[in-house]
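Below is one structure, written out as structure tokens; the observations come after it.
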Amino acid sequence: MDDSYDREKIVDCMFDPTTSSLIAELEDGEKSSQYLSEKTTISESEVTERFSYLINSGFIFQKQVDGKTMFSANIDRLSKVVEDSENFGAAIEGLEKMDSFLN
């Protein structure tokens, strides 16, 4: 796990619609890549790819169990990034930009 990470990149990952839905699936515990793939209709390899930076930064954990790739989230660490006022402000700004683009 790397304690130094790009906060902006973490926030971008967390607010990506597909990745955020993957993370939401992990809120109540560990899930297999197959399960996550089926829930989001993306391939298992894309699940792993979308989580790669979060895994390298210690926000998502990956392990092999009986030949299956399993993922779990470090919810406390993810929450701390969102609670950081600087990042939260940037996220709100990003959502406002997205809203103005959609309208």
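So the values come out like this:
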read-out: Lys68/Glu8 FRET efficiency (R0 35 Å; Cβ-Cβ; nearest 0.05); value: 0.60
read-out: Pairs of lysines in the range 7-86 (C-alpha under 20 Å apart; 8 or more residues apart or interchain); value: 6
read-out: Accessible surface of the range 1-70 [probe 1.4 Å, protein heavy atoms]: carbon and sulfur percent; value: 43
read-out: Vicinal HN-Hα couplings computed from phi for the range 65-72 (Karplus, 6.51 cos²θ - 1.76 cosθ + 1.60; Hz; Gly/Pro x); value: 9, 6, x, 10, 7, 10, 10, 9
read-out: Phi-based couplings in Hz for the range 39-51 (Karplus 6.51, -1.76, 1.60; Gly and Pro marked x); value: 5, 10, 6, 10, 5, 4, 5, 6, 4, 4, 5, 5, 8
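The values are calculated or read from the model by the stated rules, or taken from the named source; none is laboratory data. Just so it is clear, the model here is predicted, and its values are computed rather than measured. No Cβ is skipped: glycine too gets one built from the backbone with ideal geometry, and neighbour counts run over all protein chains shown. For the accessible areas, the whole protein counts, side chains as well, though only heavy atoms, and no ligand, DNA or RNA atoms are used. Shrake-Rupley method; radii C 1.70, N 1.55, O 1.52, S 1.80 Å.
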